[in-house]
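Peer 1: Supplied in structure tokens, the structure appears directly below.
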Amino acid sequence: MYSSSGTHVIENIFVLTFSCFVDMQDSTVLNMKMYLLDGSFISGILPYVEYDSVMKHPLWGSNLIFNNEEAVVKAHRDYIRAGAEFLTTNTYQASIEGFQKYLNLNYDQSFQLIKKSVTICRRAIMEESSGRTIRIMGSVGPYGASLCDGSEYNGNYIGKIDSKDLYDWHKPRIQALVEAGVDVVLFETIPSIIEANILLNILAEYPNQKACLSFSCKDSEHLSHGETFASAVEKFWTNDSRKQLIAIGMNCMDPQLITPLLTSVKTENVNFITYPNGGGVWDAVKKCWDNTQMYQVSIDDLNLWSEKGLKIIGGCCNTGVTEISRIRNLIDNLSS
């Protein structure tokens, strides 16, 4: 199923077709405009699947690469129609161990399934035929997400797991996405400098691969694990990682935290990425979003953030196609 010669031929054709769209080795690729990332995979997929098949599954939607490819394609196509210029693979919670445990796959099948997520994005782009250049970001979530206990929002596992074990857990996920020809690897919701450093050390093993690094932040100054956002930006935007990073930033937080987080950074000439939650508050008891006091990103926000260096914006939890379409309109009306 995953290693037939026909599958490899199709994947090779896709890689050759899409490699001509954009040279991600060009470090100025983000210098001219603000780009739109897609929204929450969960919000995008829910029109096409049962709620429990995603929200109550330990793989948080990554299982759909295996058992509902058509729904994943539809969700990606919806975001393209909404105006997204970057699609994200639904591999945030994908891992070799997770696929082995919850899908009963072997190592090679699990590895190929991660690669398949990129092929699915390419299929969506081909089928939608938007006439626009759509790039693919390969999602790499933190180890804490696999624990299914919210650890990506505190980083409490850092120091409790050996660095070599973290390396070994992340390495095949990144390798699969790179081999599949993803345009940009997206390290997202990373709670600590320590885990980010491990991820970027792995990235350095693929020197031609570009990436974005996005942290989870607990307040207007700090990463979820406690380090300051400003210190994380300074560390990774000024060392050798800068050669491969096209943007650095934050995601999965209240949009009202974006301005103070960006303002806290003193490092110069930073390309930022941010994709906040939909502005509501998560009700942990009712397991749903309370949108009664929702904050909506405005064009004034985008103008300010653009002045601070924001180059890529999208949506995280509770952000669907309608909101991405609204942000598309805001971007198109930004001050020149």
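The values are calculated or read from the model by the stated rules, or taken from the named source; none is laboratory data. The structure displayed is predicted, hence computed values, not measured ones. FYI the Cβ positions are ideal-geometry reconstructions off the backbone, even for glycines, and counts take in every protein chain you see. Side chains included, ligands, DNA and RNA excluded: accessible areas come from the protein's heavy atoms. Shrake-Rupley method; radii C 1.70, N 1.55, O 1.52, S 1.80 Å.
Peer 1: Can you name the residue in the stretch 141-157 that is at negative phi and open to solvent by 20 Å² or more (accessible area, probe 1.4 Å) and, of all such residues, is farthest from the chain's Cα centre (by Cα)? Show your work before the answer.
Peer 2: Here is the first cut: in the stretch 141-157, the residues at negative phi are 141-147, 149, 151-154, 156-157.
Next cut, open to solvent by 20 Å² or more (accessible area, probe 1.4 Å) only: 143, 146-147, 149, 153-154, 156.
Working: 143: 14, 146: 15, 147: 18, 149: 20, 153: 16, 154: 19, 156: 21 Å.
So the residue we want is 156.
Peer 1: Follow-up. Could you please give the count of residues in the stretch 267-290 that are β-branched (Val, Ile, Thr), modelled with pLDDT of 95 or more and in a loop (DSSP other than H, G, I, E, B)? Reasoning before the result, please.
Peer 2: From the stretch 267-290, those β-branched (Val, Ile, Thr) are 267, 270, 273-274, 281, 285; that's our starting set.
Filter once more, so that each one left must be modelled with pLDDT of 95 or more: 267, 270, 273-274.
Okay, now just the ones that are also in a loop (DSSP other than H, G, I, E, B), so 267, 270.
Total satisfying the criteria: 2.
Peer 1: Here is a further query. Output the qualifying pairs, or none if there are none: Cβ atoms under 8 angstrom, residues six or more apart or on different chains, first residue in the stretch 256-267 and within 13 Å of residue 295 (Cα to Cα), second residue assigned to a helix (DSSP H, G or I) and modelled with pLDDT of 95 or more.
Peer 2: Final answer for the pair search is 258/301; 258/305.
Peer 1: Can residue 316 be described as modelled with pLDDT of 95 or more and under 30 Å from residue 72 (Cβ atoms)? Can you show your working first?
Peer 2: Details: modelled with pLDDT of 95 or more: yes; under 30 Å from residue 72 (Cβ atoms): yes.
It is true that residue 316 is modelled with pLDDT of 95 or more and under 30 Å from residue 72 (Cβ atoms).
Peer 1: Something else now. Check every one of the helices (runs of 4 or more DSSP H) wholly within the stretch 1-97 and list those with 2 or more residues that are of a type outside the set (Val, Ile, Thr), open to solvent by less than 50 Å² (accessible area, probe 1.4 Å) and modelled with pLDDT of 90 or more. Lay out the reasoning, then the answer.
Peer 2: Working: elements: 5-19, 41-45, 51-55, 64-67, 69-81.
The helices (runs of 4 or more DSSP H) meeting that bar are 41-45, 69-81.
Peer 1: What pairs come up if the first residue lies in the stretch 177-196 and is among the hydroxyl-bearing types (Ser, Thr, Tyr), the second is part of a helix (DSSP H, G or I) and open to solvent by less than 30 Å² (accessible area, probe 1.4 Å), and their beta carbons are under 8 Å apart, counting only those six or more places apart or on different chains?
Peer 2: Note: pairs meeting the criteria are 189/145; 189/152.
Peer 1: Of all residues in the stretch 291-321 being in contact (Cβ under 8 Å) with a residue 60 or more places away in the chain and part of a helix (DSSP H, G or I), which is nearest to residue 230 (Cα to Cα)? Explain how you work it out, then say what you get.
Peer 2: As a first pass, look at the stretch 291-321 and keep what is in contact (Cβ under 8 Å) with a residue 60 or more places away in the chain: 302, 306, 310-321.
Imposing the further condition that a residue be part of a helix (DSSP H, G or I) reduces the set to 302, 306, 321.
Values: 302: 20, 306: 18, 321: 31 Å.
That would be 306.
Peer 1: Scan the stretch 133-172 for residues that are within 27 Å of residue 206 (Cβ to Cβ) and of a type in the set (D, E, K, R) and jot them down.
Peer 2: Matches in the stretch 133-172: 135, 152, 162, 164, 165, 168, 171.
Peer 1: Would you check if there is a residue in the stretch 84-92 being more than 14 Å from the chain's Cα centre (by Cα) and among the β-branched types (Val, Ile, Thr)? Outline the logic, then answer.
Peer 2: Taking the stretch 84-92 and keeping what is more than 14 Å from the chain's Cα centre (by Cα), we get none.
The answer is no; no qualifying residue exists.
Peer 1: Which condition breaks for residue 153 when tested against (1) in contact (Cβ under 8 Å) with a residue 40 or more places away in the chain; (2) under 21 Å from residue 60 (Cα atoms); (3) out of contact with any Pro (no Cβ under 8 Å at 6 or more places or on another chain)?
Peer 2: Exception for residue 153: condition (3).
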